[in-house]
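First comes the structure, then the notes that go with it.
The values are calculated or read from the model by the stated rules, or taken from the named source; none is laboratory data. All values derive from a computational prediction rather than experimental measurement. Cβ placement follows ideal geometry from the backbone for every residue including glycine, while neighbour counts extend to all protein chains displayed. With ligands, DNA and RNA removed, areas are computed over all heavy atoms of the protein, side chains included. Shrake-Rupley method; radii C 1.70, N 1.55, O 1.52, S 1.80 Å.
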Amino acid sequence: MVRIAVLQIKLYASWVHSLKEKRMVAKSLLAKLRNKFQVSAAEVGDQDVHQSLAIAVAAIVPHSAQADSLMDGIVRFIEQNTEAQIVGEEREIR
């Protein structure tokens, strides 16, 4: 039975001072996540707040262990590829 892994991450980007700047950061990060991990990724909240980003990533995986591994890898990748600070994280495997 296949599983769906869903990861929601909230980020805080203290240096962002406009929605245009925020969109550039979000668009770049989402594209990198899609390309590296072959997942669906989107900005899902806080779209009118300059310094806060809420993104969600979803993937179909064959088993729960791979879901955990994938989500760990995504979190590490975000930490290494953006100056934004992770302030919240929710994981779900269905």
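Scan the stretch 63-94 for residues that are open to solvent by 40 Å² or more (accessible area, probe 1.4 Å), over 10 Å from ALA5 (Cα atoms) and touching a residue at least 40 places away in the same chain (Cβ under 8 Å) and the total you get is 7. When you scan the stretch 43-60, do you find a residue that is outside any helix (DSSP H, G or I), under 14 Å from ARG94 (Cα atoms) and open to solvent by 50 Å² or more (accessible area, probe 1.4 Å), even just one? The answer is yes; a qualifying residue exists.
One residue is enough: does the stretch 7-22 have a residue meeting the conditions surrounded by fewer than 15 Cβ atoms within 10 Å (Cβ to Cβ), assigned to a helix (DSSP H, G or I) and modelled with pLDDT of 95 or more? No, the conditions are met nowhere in the stretch 7-22.
Looking across the stretch 30-42, the residues that are free of Cβ contacts under 8 Å to residues at least 40 places away in the same chain and open to solvent by less than 20 Å² (accessible area, probe 1.4 Å) come down to LEU30, VAL39, ALA41.
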